[in-house]
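Notes follow once the structure below has been shown.
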Protein chains: 2
Amino acid sequence: MSQTLDRALQVLEFVGERPRRIGDIATRLDVHHSTALRFLHTLRKHGFVQELPDHSYRLGPTMFRLGYQALEGIELRSVARPAMERLRELTGETVHLGSLEDGSVLYVEKVEANHPVRMHSRIGAVARLHCTGVAKGIVAFLPQADRDELLDGYELVRMTDHTIVDRVAFEEELALSRERGYALDAEENEPGIHCISAPVFSGEGRVVGAFSVTAPTSRVDRQTLLGFAPALVEATRDTSRQLGWQ
Amino acid sequence: MSQTLDRALQVLEFVGERPRRIGDIATRLDVHHSTALRFLHTLRKHGFVQELPDHSYRLGPTMFRLGYQALEGIELRSVARPAMERLRELTGETVHLGSLEDGSVLYVEKVEANHPVRMHSRIGAVARLHCTGVAKGIVAFLPQADRDELLDGYELVRMTDHTIVDRVAFEEELALSRERGYALDAEENEPGIHCISAPVFSGEGRVVGAFSVTAPTSRVDRQTLLGFAPALVEATRDTSRQLGWQ
DNA sequence: CAGGCACGTTGCATGTTACGCACTTTGAGC
DNA sequence: GCTCAAAGTGCGTAACATGCAACGTGCCTG
């Protein structure tokens with residue numbers, strides 16, 4: 001392991017939260033300010049950070065580019081897109097694709113609803129494992145050992161009045177999801193937004209992603225949302241088969 | 001400057017192109033494989049890379065998250081969104097927002113057309129300075145010195161039969177854009193796709209971004225596209241005024 | 001306007017740690 | 001089972017990352 005690199009990566013994460021001054025970074029790393037400066041200068045040379053007029057630093061163009069390249073490297077996106085578009089046409093609602101990426105679930109693709117009120121783009125964002133549709137649609141279908149490892153030390157944080165924060169209740173919810181073949185986010189992550197989601201499997205039979213159909217409760221009641229389940233499950237199966245699943 | 005960090009950042013860029021093996025990375029950096037291994041292990045510990053089953057490495061969840069955070073840190077996106085949506089309603093076509101980020105122009109927001117044939121998502125991507133609407137809409141309105149610096153050593157690469165690759169002709173095109181108040185990408189970046197774009201100015205009178213209206217030539221002819229210019233210019237002015245421009 | 005202060009920047013000496021080497025382990029293919 | 005390529009480990013040393021001291025810059029206040 002490399003101590004210097006360890007420190008530099010901490011700088012990137014710290015600067016990613018909001019713009020930071022050299023002194024803030026030196027304090028955070030517990031190093032001399034000239035050391036912090038050298039990190040920032042090297043990071044800036046490669047475009048990982050950029051300096052603002054007030055001498056604070058925020059993430060720079062290389063971070064954008066690599067974030068984009070990271071997404072472009074996910075083949076599941078292009079494989080899934082046709083089925084996602086068909087699902088959007090059938091439901092009229094926004095369809096998200098979540099992908100399991102080394103211990104995180106990420107939103108990696110979105111096909112938007114044709115309605116004036118749309119979902120804010122969140123491609124690239126991490127999905128909370130316990131209260132978002134796509135994450136539950138993946139976690140529920142992982143092998144027990146993988147699920148235990150993923151949830152080890154994971155804290156179930158209350159996001160709304162409906163969030164499931166009890167570990168036992170959460171495990172029961174996941175078991176129910178497996179029985180049904182799809183998962184439900186019943187306003188657990190965001191008030192007024194609910195969704196259902198189903199897993200996508202690879203040729204080796206491992207869950208690698210999930211589709212969700214997301215809508216505001218003001219427009220789509222729960223019964224209608226649940227009525228989308230057969231189309232959702234069919235779309236994910238189509239995609240799974242394209243990945244070699246059977 | 002830090003040599004260790006310099007090398008590690010080269011690893012991230014190299015791995016961002018496509019998955020890489022330890023030996024490939026060692027060769028690329030001209031270091032011993034055990035050195036490359038140590039870099040990868042430190043990067044993996046922080047989630048900047050992830051290891052695939054075949055022992056190659058690609059970018060990991062932290063890169064996604066930081067890419068997302070980088071985008072979320074751009075305030076222009078939220079300021080611009082209402083005007084972009086109005087412009088989309090007026091034109092019926094996809095509206096992109098480009099932002100000038102430390103020597104690069106990036107696509108940072110998109111409001112999609114209501115048509116079955118849509119543009120593939122490219123938020124986070126770098127826009128080519130010489131042949132994309134949003135980039136031309138920014139470059140044309142930079143002060144001369146800034147423009148010269150941005151274009152210093154920049155190579156005008158032919159993307160289509162229409163791409164302007166002659167520096168003198170390109171400068172004339174930019175001058176024409178300034179006269180008109182908007183720029184045009186006439187199938188210069190991608191065959192069958194054209195767009196117009198106009199700049200957004202900050203309170204200090206500096207160009208900080210641009211809106212573009214993008215459409216396939218099969219659906220929107222050039223005359224119709226140019227007919228969108230007044231609405232486009234009005235939308236960018238609205239946004240500029242919100243940023244304090246006058 | 002001048003002085004003080006906070007912060008950014010530069011150059012140097014040193015000791016910490018990054019590095020290459022030699023060796024071992026692992027996994028895939030035959 | 002054997003072979004080979006690649007990943008992984010531990011060690012000694014010198015290269016380079018680090019903190020320090022000093023300097024430069026810009027802003028604020030009296």
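The values are calculated or read from the model by the stated rules, or taken from the named source; none is laboratory data. Computed from a prediction, not measured in an experiment: that's the story for all the values here. Counting neighbours? That spans all protein chains shown, and the Cβs are built from the backbone with ideal geometry, glycine included. Keep in mind that these areas ignore ligands, DNA and RNA; they rest on the heavy atoms of the full protein, side chains included. Shrake-Rupley method; radii C 1.70, N 1.55, O 1.52, S 1.80 Å.
Summary table below
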| read-out | value |
| --- | --- |
| Out of B:E155, B:E89, sole residue that is modelled with pLDDT under 95, surrounded by fewer than 16 Cβ atoms within 10 Å (Cβ to Cβ) and over 17 Å from the mean Cα position of the chain (by Cα) | B:E89 |
| Enumerated strands (runs of 3 or more DSSP E) restricted to segment A:1-108, each holding at least 3 residues that are more than 7 Å from chain B (Cβ to nearest Cβ) | A:94-101 |
| Residues of segment B:203-214 satisfying the condition of being open to solvent by less than 10 Å² (accessible area, probe 1.4 Å) and more than 17 Å from the chain's Cα centre (by Cα) | none |
| Scan of segment B:1-18 for residues that are at pLDDT 90 or above, of a type outside the set (S, T, N, Q) and within 12 Å of DNA strand D (Cβ to nearest atom), ordered by number | B:L5, B:D6, B:R7, B:A8 |
| Test: residue in segment A:116-124 that is outside any loop (DSSP other than H, G, I, E, B) and open to solvent by 10 Å² or more (accessible area, probe 1.4 Å) | no |
| Any hit, segment A:19-32, residues being away from DNA strand D (no atom under 16 Å from the Cβ), open to solvent by 10 Å² or more (accessible area, probe 1.4 Å) and of a type outside the set (K, R) | yes |
| Condition check for A:E234: of a type in the set (D, E), modelled with pLDDT under 95, within 27 Å of A:S78 (Cβ to Cβ) and open to solvent by 40 Å² or more (accessible area, probe 1.4 Å) | no |
| Test result for A:A169, of a type in the set (A, V, I, L, M), assigned by TED's automatic domain parsing to the domain that holds A:T94 and loosely packed, with under 13 Cβ neighbours inside 10 Å | yes |
| Those residues of segment B:40-52 which are surrounded by 14 or more Cβ atoms within 10 Å (Cβ to Cβ) and within 11 Å of DNA strand D (Cβ to nearest atom), in sequence order | B:L40, B:H41, B:R44, B:E51 |
| Unmet criterion (only one of (1) assigned by TED's automatic domain parsing to the domain that holds B:D221; (2) crowded, with 18+ Cβ neighbours inside 10 Å) for B:P82 | (2) |
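Here is a yes/no grid of residues against (1) within 11 Å of DNA strand C (Cβ to nearest atom); (2) in contact (Cβ under 8 Å) with a residue 40 or more places away in the chain:
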{"position": "A:V11", "(1), (2)": "no, no"}
{"position": "A:L29", "(1), (2)": "no, no"}
{"position": "A:R38", "(1), (2)": "yes, no"}
{"position": "A:T42", "(1), (2)": "no, no"}
{"position": "A:L59", "(1), (2)": "no, yes"}
{"position": "A:G67", "(1), (2)": "no, yes"}
{"position": "A:R77", "(1), (2)": "no, no"}
